[in-house]
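Here the structure is laid out as structure tokens; the discussion comes afterwards.
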Amino acid sequence: GNLVTVDDSAKNEDMKLLLEPVLLLGKKRFEGVDVRIRCRGGGATARVYAIRQALSKSLVAYYQKFVDETSKKEIKDILLNYDKSMLVADPRRCEPKKFGGPGARARYQKSYR
């Protein structure tokens, strides 16, 4: 896609979501890092959630690799207590439609006369 900065990427509501990791952990923790996130597919909201998760996960990984374990654990706990989807992907996907019905689980109505 095209390069979008945080300012013009999203509506105000999505904006709040995108900045949640930063607001939760404080700007201090993000000071040494330059963040660039690439995002493909999905709708606007799904993208916002994906970017938010990428930001959170990458900061935790950065702290694990370049800083110390205790501060990494601290960050991880803060994020998980606030919202699990910050670090853990939601595995739910659309179930495929089967024959004998209009959807994945629904069956066609049957009549007895």
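The values are calculated or read from the model by the stated rules, or taken from the named source; none is laboratory data. Please read all numbers here as calculations on a predicted model, not as lab measurements. Glycine also receives a Cβ, built like all others from the backbone with ideal geometry; neighbour counts cover every protein chain displayed. Areas reflect the complete protein model, heavy atoms only, side chains present, ligands, DNA and RNA absent. Shrake-Rupley method; radii C 1.70, N 1.55, O 1.52, S 1.80 Å.
The value obtained for the stretch 53-113, namely the Cα convex hull volume divided by the number of residues, is 111 Å³ per residue.
Of the residues Gly32, Gln53, Gly43, the one whose Cα sits farthest toward the positive end of the charge dipole of the chain, with +1 on the Cβ of Lys and Arg and -1 on the Cβ of Asp and Glu, is Gly43.
Taking Cα centre as origin and charging only the Cβ of basic (Lys, Arg, +1) and acidic (Asp, Glu, -1) residues, the dipole magnitude of the chain rounds to 1000 debye. In the chain, the DSSP-assigned H stretches of four residues or longer account for a calculated mean residue ellipticity at 222 nm of -15500 deg cm²/dmol, using -39500 (n - 2.57) per stretch and the full residue count as denominator.
Multiplying each eigenvalue of the alpha-carbon gyration tensor of the chain by 5 and taking the square root yields semi-axes of 39, 18, 12 Å, largest first, rounded to whole angstroms. What the chain shows is 81 Å² of accessible area per residue, with the surface traced by a 1.4 Å probe over protein heavy atoms.
Take the solvent-accessible surface of the protein heavy atoms, probe 1.4 Å, and return the percent of it on the stretch 1-111 that carbon and sulfur atoms account for. Solvent-exposed carbon and sulfur of the stretch 1-111 make up 55 percent of the total.
With contacts taken as Cα pairs under 8 Å and at least 6 residues apart, the chain reaches a relative contact order of 19 percent. Note on the stretch 20-84: Kirkwood radius taken over Cα pairs, Stokes-Einstein applied at 25 °C and 0.890 mPa s, translational D equal to 197 µm² s⁻¹.
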